[in-house]
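The values are calculated or read from the model by the stated rules, or taken from the named source; none is laboratory data. Given the structure is predicted, the values throughout are model-derived calculations rather than measurements. Note that we place each Cβ from the backbone using ideal geometry, even for glycine, and neighbour counts take in every protein chain shown.
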């Protein structure tokens, strides 16, 4: 399949702050991988849009900040996929640890 499906994903229920220029949105992530996340129940943004992301992983108070790019958008209904563009290595390691601990 395509690149957004290379990484193992786990279901999550967490808020992600997405900033697009002067607009700020709170998105609900339904799944997460080291490569990105899927925002369920959100009106899709145009594929290719760059957004600044801020979020905390479940059980971790440290904030993660990175850029993201919208890589998929629901053709009908709600939902969109975002790819992490410049995820810091320490954040990547935390996500990998969370995925490993999930056992899925």
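Looking only at region 63-83, count how many residues are touching a residue at least 24 places away in the same chain (Cβ under 8 Å) and closer than 14 Å to residue 49 by Cβ. Lay out the reasoning, then the answer.
Just the residues of region 63-83 that are touching a residue at least 24 places away in the same chain (Cβ under 8 Å), to begin with: 64, 66, 68, 70-74, 78-83.
Remaining after also requiring closer than 14 Å to residue 49 by Cβ: 68, 70-73, 80-83.
The qualifying residues number 9.
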Report task. Just give me the residues in region 28-45 being more than 18 Å from residue 92 (Cβ to Cβ), within 12 Å of the chain's Cα centre (by Cα) and either modelled with pLDDT of 95 or more or in a loop (DSSP other than H, G, I, E, B) (or both), in sequence order. Result -> 28, 30, 39
Report summary line: In region 50-65, anything in a strand (DSSP E or B) and touching a helix residue (DSSP H, G or I) at 6+ places or on another chain (Cβ under 7 Å) is listed as 64
Query raised in the report: Looking at region 71-92, is at least one residue assigned to a helix (DSSP H, G or I) and surrounded by 12 or more Cβ atoms within 10 Å (Cβ to Cβ)?
Result: yes
Report task. Would you be able to say whether some residue in region 2-16 is in contact with a strand residue (DSSP E or B) (Cβ under 7 Å, 6 or more places away or on another chain) and at pLDDT below 90? Result -> yes
Requested in this report: Mind listing whichever residues of region 50-65 are farther than 15 Å from residue 14 by Cα and surrounded by 18 or more Cβ atoms within 10 Å (Cβ to Cβ)?
Outcome: 51
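Can you name every residue in region 95-104 that is over 25 Å from residue 41 (Cβ atoms) and either free of Cβ contacts under 8 Å to residues at least 40 places away in the same chain or surrounded by fewer than 11 Cβ atoms within 10 Å (Cβ to Cβ) (or both)? Talk me through it step by step, then tell me what you get.
Step one: filter region 95-104 for residues over 25 Å from residue 41 (Cβ atoms), giving 96-97, 100-101, 103.
97, 100, 101, 103, listed by residue number.
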Query raised in the report: Within region 1-49, which residues are surrounded by fewer than 18 Cβ atoms within 10 Å (Cβ to Cβ) and in contact with a helix residue (DSSP H, G or I) (Cβ under 9 Å, 6 or more places away or on another chain)?
Result: 7, 8, 10, 11
